Amino acid sequence: MMRLRNIRNLSLGLALLAVVALISFRIGQGNKINLIGKSSGIDNTLMDQVKTKLKGSFLDKDKMDEKTMSYGAIEGMVAALGDPYTVFLPPEDNKSTNEDLAGEFGGVGISLGYKDKTLAVMSPVAKSPAEKAGVKAGDLILKITDKGKNIDRDTTGITLNEAVTLIRGKIGTEVTLKMYREGKSDTYDVVLRRENIVVPSIELEWKLVNGKNVAWIKLYKFTEQLFTQWPKIVDEIVIKQNQVGKNNYGGIVLDLRNNPGGYLQASVLVASDFVKNGIIVEQQSSDGSVEKYEVDKTRGNLLNDKLVILVNGGSASASEILAGALKDYSRGKLMGEKTFGKGTVQQPEDFTDGSGLHITVAKWLLPNGANIHKVGITPDIEVKSGDDIQKDLQLDKAIEELLK
């Protein structure tokens with residue numbers, strides 16, 4: 001069980017850094033590896049020849065730093081694989097990535113990812129500057145501008161970690177993002193003031209509609225805290241049911257919108273209160289091994305509660321596992337918009353100089369055998385969010401469906 005609890009999300013790394021980058025899974029804590037070594041697959045002679053030419057001919061020789069050049073060469077080698085989630089991280093970037101689950105960070109509150117190799121918003125963090133400014137999952141980020149840091153960077157070919165570094169900054173300062181949204185005729189600028197971002201894991205709010213008490217569970221991210229918070233939320237729901245009585249209880253809206261993922265085992269924990277038995281997710285690794293994560297049969301506290309699950313384009317990774325499993329077992333109606341489509345697993349390795357490497361090592365499959373990577377999950381009932389951020393049309397429709 002302890003090993004399972006160590007399966008967690010990366011944010012390119014997939015860490016909640018200043019911006020929160022894209023989410024995937026992280027296996028274990030990685031290993032310390034000595035970076036020094038040779039590989040018969042690398043033409044070191046050519047590398048030395050290029051370096052010699054640079055030393056002899058490059059104009060700004062004071063800019064030539066051996067370590068920086070070495071890191072750049074390694075980053076290029078890894079990037080040549082064409083997988084945006086397999087990345088080499090120099091020491092400073094790796095340090096930031098490893099601080100992801102602290103719960104607080106300075107930034108604008110955006111989870112980053114890619115749409116057709118273009119930098120995109122995976123999801124805005126709840127109550128963050130980005131969400132308040134109307135930033136939505138799926139918005140493309142075309143340019144990052146910060147006059148205070150002398151940054152004016154087109155995002156073509158940018159890595160997630162580089163984007164994180166450019167967008168993060170001193171609390172109180174501003175960064176401008178040039179964005180494009182599908183359906184709009186032109187690009188537009190969004191100015192965001194950086195704040196100290198506190199990312200909640202989960203919140204429970206009760207809605208009284210037509211005399212029925214509806215539990216609205218807002219599950220923002222599958223953090224480590226969820227292992228203790230989820231059982232408390234479930235207990236609160238059970239107590240409320242007993243207090244108001246069966247006739248005055250309407251059921252549960254499980255809100256996974258803009259949830260970028262987190263601990264895999266936390267998603268299995270949540271699913272285990274709604275599903276009696278069976279496999280929640282199957283992981284297929286690069287070495288050919290297969291690992292199945294089954295329902296925790298000691299749970300099962302909400303097996304008979306009416307349920308609607310809300311998702312959108314910002315629902316990814318662990319939240320897609322949960323939503324997909326609940327849909328496959330016909331446990332509740334899936335409502336909203338198609339999910340992001342993040343179905344691979346990354347393993348981190350730490351090197352002795354502080355740098356790190358995140359490698360895509362596996363993919364995961366839903367109970368029905370589907371791999372949703374780059375595909376996403378289509379809801380049973382499609383409901384668009386609308387442009388009025390003051391009205392939650394999807395939540396209203398979910399409650400309406402629940403009380404039918």
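Place a +1 charge on the Cβ of each Lys and Arg in segment 144-238 and a -1 charge on the Cβ of each Asp and Glu, then give the dipole magnitude about the Cα centre in debye, rounded to the nearest 20.
Values: 15 positive and 14 negative charges, 27 e Å.
So the dipole magnitude of segment 144-238 works out to roughly 140 debye.
Taking the DSSP bridge list for segment 173-284 and keeping only pairs wholly inside it, about 65 percent are antiparallel. When the listed pairs LYS170/LYS391; LYS306/LYS342; LYS363/LYS384; LYS132/LYS178 are checked against a 21 Å cut-off, the alpha-carbon distance exceeds it for LYS170/LYS391; LYS306/LYS342; LYS363/LYS384. In order along segment 224-232, phi translates into HN-Hα couplings of 5, 5, 5, 4, 9, 6, 4, x, 5 Hz, rounded to whole numbers, per the Karplus curve 6.51 cos²θ - 1.76 cosθ + 1.60 with θ = phi - 60° and x for Gly and Pro.
Report note on the peptides 298-305, 52-59: ranked by the mean count of other C-beta atoms within 10 Å, highest first, their order is 298-305, 52-59.
Within the set LYS184/LYS397; LYS143/LYS184; LYS218/LYS397, which residue pairs have Cα atoms separated by over 19 Å? Walk me through the numbers on the way to the answer.
Working: LYS184/LYS397 25 Å; LYS143/LYS184 17 Å; LYS218/LYS397 16 Å.
Pairs exceeding 19 Å: LYS184/LYS397.
Here's the list of aspartates and glutamates a cross-link from LYS212 could span, going by alpha-carbon distance under 15 Å and ignoring same-chain residues fewer than 8 apart: ASP305, ASP396, GLU400, GLU401.
So if I place +1 on the C-beta of Lys and Arg and -1 on the C-beta of Asp and Glu, and nothing else carries charge, what would the dipole magnitude of the chain be about its Cα centre? I want it in debye, nearest 20.
On the way: 53 positive and 52 negative charges, 106 e Å.
Here the size comes out at about 500 debye.
Selection among TRP216, SER272, GLY262 by position relative to the dipole of segment 209-289 gives TRP216 as farthest towards the positive end (Cβ unit charges, Cα centre).
THR156 contributes an accessible area of around 110 Å² to the protein surface, as traced by a 1.4 Å probe with all chains present.
Listed by chain and number, the lysines whose C-alpha is less than 29 Å from the C-alpha of LYS55, apart from same-chain residues fewer than 8 away, are LYS38, LYS63, LYS67.
Only Cα pairs under 8 Å and 6+ residues apart enter the sum, and on that basis the relative contact order of the chain stands at 19 percent. Listed by chain and number, the aspartates and glutamates whose C-alpha is less than 16 Å from the C-alpha of LYS147, apart from same-chain residues fewer than 8 away, are GLU174, ASP189.
The values are calculated or read from the model by the stated rules, or taken from the named source; none is laboratory data. A quick note: this is a predicted structure, and the numbers were derived from the prediction, not measured. When we count neighbours, we look across all protein chains shown, and the Cβ atoms used for this are built from the backbone with ideal geometry, even at glycine. Surface accessibility is based on the protein's heavy atoms, side chains included, excluding ligands, DNA and RNA. Shrake-Rupley method; radii C 1.70, N 1.55, O 1.52, S 1.80 Å.
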